[in-house]
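Have a look at the structure below, then the notes.
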Amino acid sequence: MKYILIFIITTFSFYLIGQDSLGFESQDYQKMKWFDEAKLGIFIHWGIYAVDGVSESWSFFNGDISHEDYLKQLNEFDASDYRPDHWVDLIQKSGAKYSVITSRHHDGFALWNTKYGNLNAVEHASVKKDVLSPFIIELKKAGIKTGLYYSLPDWSHPEYTNHTKKIKRYIIKDEPERWAKYQSYYMGQLAELKLAYDPDLWWFDGDWEHNAAEWDVNAIKSFLTINRSEVIFNSRLNEQGDYSTPEIGLPVRRPSSRYWELCMTMNDSWGNQPKDRHYKSPQQVMDVFVDCLSKGGNLLLDIGPMANGQIPPKQVKILEELGRWTQKHEKAIYETIGGIPYDYYYGPNSLSKDSTSLFLYVRDIPRDGKISLKGISNKIKKISVIGSGNTLDFDLISHLWWSSYPGILYIDLPLSEMDENYTVIAIELEGAIELYID
């Protein structure tokens, strides 16, 4: 006996999680809706490490340079060509719907005028001004969702447990009063950030150095959700967040998390490191992006501005190329869910939220100029090219009246209008997609 698997009950159920049996969206889905639809975000790592082009915080933690030499970069962090409006314009043109910036990394250097600690842009760097606020203002003006990265550890702070890989200041159980002082420090900074910027998303980091009880994750989340119950947290609060955050490595299989985001660099470095010339090509970045779309996740793509505030030209080019593609293919990006398994289509794909349209991302042209799709039990209403709307011819083979097998669909590619990166083919179906299994 043959069976038909209704896709909405299986893979599409990832989307249905968070909705009750009557079809009303749950509070969780309402909170996560903008994130779910954003698909692309821009990560920004900016700090004093951009001066000498060393690894952000890790360069002194791992002993590559001394802490003293690392802090000397404060004298040349001048942001002399910093134009936050240009940053936001580029982010918007890339097609990104949110941006996350490092308000403070593990080195303790804060981009805003904090009253806590002894390392901030206004009092201790040559720039002598708050460089976080102007960017947040421009983001909000442009309607781009705002995310703040905040490192729980501060390896420069005298009351924090760890200083470097080899130097540990103390153990919490031995000196709990010192840990209490450090907690007051980071809670004070979080209060400043909440009051000044009221972000849509908190992107924490460094949680691995202590457990949830030591960080007092419940207190952090309770405080940051006061009058802001819909604010989103990443998973780096000892896994007590709203979505998972794989780093650098694109998941080979679709993550089990309902919501997830791959954070990835353009070369091999988060911050500005001119010696790192191992850049991904615009095509390779798009390969990763469409794979994220296919697996129902987001891409948080990183840029590392220079100490003067300029974005490296190679990074600008990648964002511009990405923007060209996203503007052309909006329909097949933002309001989609993860696609169908590889068994049915040999390539990345996604579905419309109602599962009645299938989007195929075509990177290369097969020898016969056709792509194949099998095991789709629905009748086909229309096949067209996203961007132009031109309809495409197709042929159905191995579909006989006496068999329940739905056949193999061959689609003629639009050879005269193939996109230089990915051509997107839209298949409109009668009803929610139904996948055949034997």
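A residue that is surrounded by fewer than 16 Cβ atoms within 10 Å (Cβ to Cβ) and farther than 21 Å from residue 102 by Cα occurs somewhere in the range 253-260. So which residues in the range 397-423 are surrounded by 14 or more Cβ atoms within 10 Å (Cβ to Cβ), of a type in the set (A, V, I, L, M) and within 14 Å of residue 373 (Cα to Cα), if there are any at all? Passing the criteria: 408, 409, 411, 413. Evaluation of residue 69 against the conditions (1) touching a residue at least 40 places away in the same chain (Cβ under 8 Å); (2) under 28 Å from residue 179 (Cα atoms); (3) among the acidic types (Asp, Glu) shows that the sole unmet condition is (1). For the range 191-202, the set of residues classified as out of contact with any strand residue (DSSP E or B) (no Cβ under 7 Å at 6 or more places or on another chain) and of a type in the set (A, V, I, L, M) consists of 191, 195, 196, listed by residue number.
Scanning the range 353-376 for residues that are in a strand (DSSP E or B) and among the charged types (D, E, K, R) returns 370, 374.
Taking residue 93, is it modelled with pLDDT of 95 or more, over 30 Å from residue 178 (Cβ atoms), part of a helix (DSSP H, G or I) and assigned by TED's automatic domain parsing to the domain that holds residue 235? Yes; evaluated as a whole, the condition is true for this residue.
Restricting the range 120-138 to residues that are surrounded by 21 or more Cβ atoms within 10 Å (Cβ to Cβ) and out of contact with any helix residue (DSSP H, G or I) (no Cβ under 6 Å at 6 or more places or on another chain), which is nearest to residue 299 (Cα to Cα)? Checking each candidate, the answer is 132. Output the residues belonging to the range 119-162 that are of a type in the set (Lys, Arg), outside any loop (DSSP other than H, G, I, E, B) and free of Cβ contacts under 8 Å to residues at least 40 places away in the same chain. Result: 140, single match. For the range 163-185, residues that are of a type outside the set (D, E, K, R), touching a residue at least 60 places away in the same chain (Cβ under 8 Å) and in contact with a helix residue (DSSP H, G or I) (Cβ under 9 Å, 6 or more places away or on another chain) total 2. Being modelled with pLDDT of 95 or more, more than 15 Å from residue 112 (Cα to Cα) and within 22 Å of the chain's Cα centre (by Cα) holds for only one residue in 152, 148, and it is 152.
Restricting attention to the range 162-181 and to residues that are surrounded by 13 or more Cβ atoms within 10 Å (Cβ to Cβ) and within 30 Å of the chain's Cα centre (by Cα), the residue that is farthest from residue 225 (Cα to Cα) turns out to be 164.
The values are calculated or read from the model by the stated rules, or taken from the named source; none is laboratory data. These figures come from a predicted structure and were not determined experimentally. Heads up, the Cβs are rebuilt from the backbone with ideal geometry, glycines too, and the neighbour counts pull from every protein chain shown.
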